[in-house]
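Just below is one structure, and these are the notes that go with it.
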Amino acid sequence: MAGAARGGRGWTPLSSVDLGDVERANVAAAMEQGWISGTGAFVEEFETQLGERIGRAHVVATANGTLAIELALRAMEIGPGDEVIVPAFTFAAPATSVLAVGARPVVADVSAETWTLSPERVAERLSRRTKAILAVDVLGHPADYDALGELGIPVIEDAAEAHGARYKGRPTGSLGQVSVFSFHANKAITTGEGGCVATDSARLDSRMRLIANHGMLGSRPYVHDTVGRNFRMSNLTAAVGVGQLARWESLIEARRRVSRRYDELLFDAGCRGRPVAPWAEYSCWLHTITVDDRDTVVRCLREAGIDARAVWPALTGQPVMRWNGPSCPVSEQLARRAMWLPTYNALSFGEIRVIAEAVRAATGERPEDGGAR
Ligand SMILES: *Cc1c(COP(=O)(O)O)cnc(C)c1O
C-alpha cells in the first residue's frame, strides 16, 4: 500500500512521515563519508541497536520488508513442494513472498477476537508438507505465539505493522523463530524503503547474510557457492533508520495518542474499534474501525477531503492466490467491514475531531436496519 502523498488544500492524507533533525544529520554524515550503498557504519549500527531494542542476537537489514520475508524463507530452505500457512486477513506480501520462492501459501482464517491467525484454524490446515507458519501481527496486534508454537511447526513473525507492540510482555520482532519488520514510509518506524529479519539463530543469520550478499563469503570474494541475490539495505537508508531508532518511544507514543483520541471520540458513533486481547499490548499503525456499510462511509469521508480507505480484500479472494480451499468467514467479513482513518504523528486533536465528526455524519446517514435503500 502506498503512503499517501501530501494532499492539496483541504485534503487530509492517510499517512505522513515524521522525520527529524537526527535523521537529516545522519544522512548528511553518510553522504559526507561517501558510504551510500550496502556497506557502512549506519547499517551495522542500525542492526545492533534494533537487536538490542527487541532482544535479538542477530538482525539483518534488507532493502524492504517483502524481501525480508523472502530472505527468511530462503534461509529456511522453503521452496517448491513446501506449504506455508498464512492468515487470510493481511496485506498480500507474506503470501506473495511464499509464491515467489515457489512454495504454496495455505490460507487459514483469523480469530474474531484478535484479527490474527486462529491457532484452531491453523491446526486444520497442517499437512506433511507444512514447513512454516507465517503469522502476521496485523494492524499493531501480535498473534497468539504460545498457541501457534504448540503446533510444533517453525513460526515466522511478520511484525511489519506492529513496531512497539508486545505479546505477554515480549516485544514484537522477538516472537518468531525469525521475525520480519518493514520500514516503509507509511510504517510506524521508517527508513523510506527498508526491512529486516531478526533471529537468535547464528546458523540462520549467516545463511541470510550469505544469500543477501550474492552468495559470496568475505573470505572468498567473487567465488559463489550458493545462488545469492542482493537484498541489502543501503547505508544512506540505515542513516535514516538510526535516527528513527533514537526516537522510537516518541514515534510509537505519538501514534498511540492519535488512536486513543479516535477511540474517545468514536466510542458511540456506530462503529467499532480494533479488538485487543488481554495478553496483547497494542501499538497503532493505522487506526482501524469496522462499520456495517463500509463503502458508503469511506465514500462520504473521501468526499469530505479525508483519505479514509477500505482494508485489503481477504487472501481467499485475491486473484494471484487462485485459492480454491475452504473459505475464511471471519477474514472475509472483516475485509468487507474494516476501514482506515488517517493516522500520523502530526495530526492535531482538532483535525482528529473533524474526522470523527465526518465518521459520525456518515454512519448517521445509513438507513435504519430493514429500511429502504
Ligand atoms: C508493509 C508490509 C509488508 C511489506 O513491507 P515493504 O517494506 O513495503 O515491502 C509486509 N508485510 C506486512 C504485513 C506489511 O504490512
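If you go through the range 281-309 and keep only what is of a type in the set (Ser, Thr, Tyr) and in a strand (DSSP E or B), you end up with Thr288, Thr290.
Of all residues in the range 94-118, those satisfying the criterion of being under 20 Å from Ala280 (Cα atoms) and in a strand (DSSP E or B) are Val110, Leu117.
Within the range 97-108, one or more residues are surrounded by fewer than 20 Cβ atoms within 10 Å (Cβ to Cβ) and either under 15 Å from Ser179 (Cβ atoms) or in contact with a Pro (Cβ under 6 Å, 6 or more places away or on another chain) (or both).
Residues checked against (1) modelled with pLDDT of 95 or more; (2) within 19 Å of Ser15 (Cα to Cα):
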site	(1), (2)
Arg255	yes, yes
Cys271	no, no
Ala280	yes, no
Trp285	yes, yes
Val291	yes, no
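Among residues of the range 66-81 being aliphatic (A, V, I, L, M) and touching a residue at least 60 places away in the same chain (Cβ under 8 Å), the one that is nearest to Arg247 (Cα to Cα) is Ala68.
Scanning the range 55-76 for residues that are more than 24 Å from Tyr167 (Cβ to Cβ) and not in a loop (DSSP other than H, G, I, E, B) yields Leu67, Glu70, Arg74. For the range 203-235, the candidate set comprises residues that are within 18 Å of Phe46 (Cα to Cα) and away from the ligand (no atom under 16 Å from the Cβ); within that set, the residue that is surrounded by the fewest Cβ atoms within 10 Å (Cβ to Cβ) is Ser206.
Restricting attention to the range 77-88, and to residues there that are among the hydrophobic types (A, V, I, L, M, F, W, C) and under 18 Å from Glu161 (Cβ atoms), which single residue is nearest to the ligand (Cβ to nearest atom)? Residue satisfying both the conditions and the ranking: Val86.
Matching residues to (1) out of contact with any helix residue (DSSP H, G or I) (no Cβ under 7 Å at 6 or more places or on another chain); (2) more than 13 Å from the ligand (Cβ to nearest atom); (3) not in a helix (DSSP H, G or I):
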position: Thr90; (1), (2), (3): no, no, yes
position: Glu120; (1), (2), (3): yes, yes, no
position: Ile133; (1), (2), (3): no, yes, yes
position: Leu139; (1), (2), (3): yes, no, no
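Could you tell me which residue of the range 310-357 is farthest from the chain's Cα centre (by Cα), considering only residues that are among the small types (Gly, Ala, Ser), in a loop (DSSP other than H, G, I, E, B) and within 30 Å of Arg255 (Cα to Cα)? For the range 310-357, the residue satisfying everything is Ser348. Of all the residues in the range 152-162, those that are near the ligand (Cβ under 10 Å from one of its atoms) and in a loop (DSSP other than H, G, I, E, B) number 4.
A Cβ distance below 9 Å, combined with a sequence gap of six or more or placement on separate chains, defines the contacts here; from the range 103-129, residues that are farther than 16 Å from Arg337 by Cα and at pLDDT below 95 reach no residue that is polar (S, T, N, Q) and part of a loop (DSSP other than H, G, I, E, B). Checking Ala57, Ala63, Ala75, Ala68 one by one, the residue that is within 18 Å of Met208 (Cα to Cα), in contact with a Gly (Cβ under 6 Å, 6 or more places away or on another chain) and of a type outside the set (Asp, Glu) is Ala68 and no other. When the test is whether a residue is touching a residue at least 60 places away in the same chain (Cβ under 8 Å), surrounded by fewer than 24 Cβ atoms within 10 Å (Cβ to Cβ), within 13 Å of the ligand (Cβ to nearest atom) and farther than 30 Å from Ile289 by Cβ, Ala63 passes it.
Within the range 163-187, if we keep just the residues that are hydrophobic (A, V, I, L, M, F, W, C) and more than 13 Å from the ligand (Cβ to nearest atom), the residue that is nearest to Arg203 (Cα to Cα) turns out to be Val178.
For the range 7-14, does any single residue satisfy the condition of being at pLDDT 95 or above and out of contact with any Gly (no Cβ under 7 Å at 6 or more places or on another chain)? Checked against the condition, which is being at pLDDT 95 or above and out of contact with any Gly (no Cβ under 7 Å at 6 or more places or on another chain), the range 7-14 yields at least one hit.
The values are calculated or read from the model by the stated rules, or taken from the named source; none is laboratory data. Quantities reported herein were computed from a predicted structural model and do not represent experimental measurements. Positions of Cβ are generated from backbone atoms using ideal geometry, with glycine treated the same way; all protein chains shown enter the neighbour counts.
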